[in-house]
Each structure stands twice: as C-alpha cells, then as structure tokens.
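The values are calculated or read from the model by the stated rules, or taken from the named source; none is laboratory data. Only a predicted model underlies this, so the values are computations on that prediction, with no experimental measurement involved. Cβ sites come from the backbone with ideal geometry, for glycine too, and all protein chains shown count toward neighbours.
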C-alpha cells in the first residue's frame with residue numbers, strides 16, 4: 001500500500017515532501033530528516049528555522065498521524081532537472097530545553113509546578129492531564145541539568 005505523506009510549513013505549498021528518515025524512542029526526543037523539493041530556488045530559511053511544521057502521514061486504516069515539531073535545521077541540497085532539493089530537521093519543541101543547562105533552587109513547589117516553570121519559558125502550551133495531587137517539596141535543586 002502506498003501511503004500519502006505531506007508536510008505543512010510556514011511557506012505553504014512552496015515545499016513538497018519527498019522522503020523522511022529519523023528515529024524516535026521511549027524517553028527520547030525524536031529527530032526527523034525530511035527531504036523536500038520545490039520549483040523555487042528562493043525558499044527563505046528565516047521563514048522556517050525555529051518555526052512549526054507538521055508531517056501528515058496517512059495510515060492503513062484511513063486515519064492520519066500528525067508529527068508536529070520545530071524546524072531546527074534547513075538548507076538546499078541541490079537541483080534535479082526543474083526541482084530544487086531541500087532538507088530540514090524536525091524536532092519537538094521540548095528539544096529546545098536540551099540546548100541549555102541551568103542551576104536553580106525551587107522551594108515549596110510540587111513537581112508539576114517545577115516542570116511548568118522550567119518548560120514554560122519556551123512559550124508552548126503544556127497540557128496538564130494529572131489525576132492526583134503531588135506533594136510539595138521544601139527544597140529541590142536543578143544542578144547543571146537541562
């Protein structure tokens with residue numbers, strides 16, 4: 001069965017999906033390398049880098065799988081006849097947290113409050129689906145961790 005795969009980016013229909021490779025695993029952030037093609041030689045990297053993109057994969061049962069992330073790398077790969085080849089790297093927004101480490105002390109906070117404080121600075125929504133209450137820690141240290 002041939003599955004249709006498309007990509008939605010801030011540049012609209014300027015880029016068309018060609019191929020995707022990557023890896024994902026439990027307790028790891030995914031990283032996808034996506035090859036694209038375009039009739040335009042003028043795709044602006046600034047319009048993509050740091051912005052959201054979504055890969056849409058049609059599944060066997062007629063459903064769709066959406067893989068949403070931010071573009072962390074983008075560049076032209078070459079030209080093939082009338083098309084230009086591009087490659088982008090797509091990673092989840094939480095990957096941004098791995099780019100820096102910090103030293104902080106949290107006092108009188110629960111783990112969900114600490115997570116909200118650490119990840120809230122990135123401006124992406126946190127969907128809290130917690131089913132119980134969490135204890136408040138008197139003292140919790142972030143020591144050189146992302």
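Here are the numbers for this structure:
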quantity: Test: residue in the stretch 91-98 that is exposed (fewer than 14 other Cβ atoms within 10 Å of the Cβ) and either over 20 Å from residue 16 (Cβ atoms) or modelled with pLDDT of 95 or more (or both); calculated: yes
quantity: Hits in the stretch 24-39 (condition: surrounded by 13 or more Cβ atoms within 10 Å (Cβ to Cβ) and either farther than 15 Å from residue 91 by Cβ or not assigned by TED's automatic domain parsing to the domain that holds residue 81 (or both)); calculated: 35, 36, 37, 38
quantity: Strands (runs of 3 or more DSSP E) contained in the stretch 30-146 and holding at least 2 residues within 30 Å of residue 5 (Cβ to Cβ) and within 22 Å of the chain's Cα centre (by Cα); calculated: 31-38, 52-58, 64-80, 83-91
quantity: Of all residues making up the stretch 32-45, the number that are more than 13 Å from residue 9 (Cβ to Cβ) and out of contact with any strand residue (DSSP E or B) (no Cβ under 8 Å at 6 or more places or on another chain); calculated: 1
quantity: All positions within the stretch 5-21 that are more than 10 Å from residue 47 (Cβ to Cβ), in contact with a strand residue (DSSP E or B) (Cβ under 8 Å, 6 or more places away or on another chain) and not in a strand (DSSP E or B); calculated: 15
quantity: Which listed residue is loosely packed, with under 14 Cβ neighbours inside 10 Å and in contact (Cβ under 8 Å) with a residue 24 or more places away in the chain, from 21, 4; calculated: 4
quantity: So residue 106, is it in the same structural domain as residue 49 (by TED's automatic domain parsing) and buried (at least 16 other Cβ atoms within 10 Å of the Cβ); calculated: no
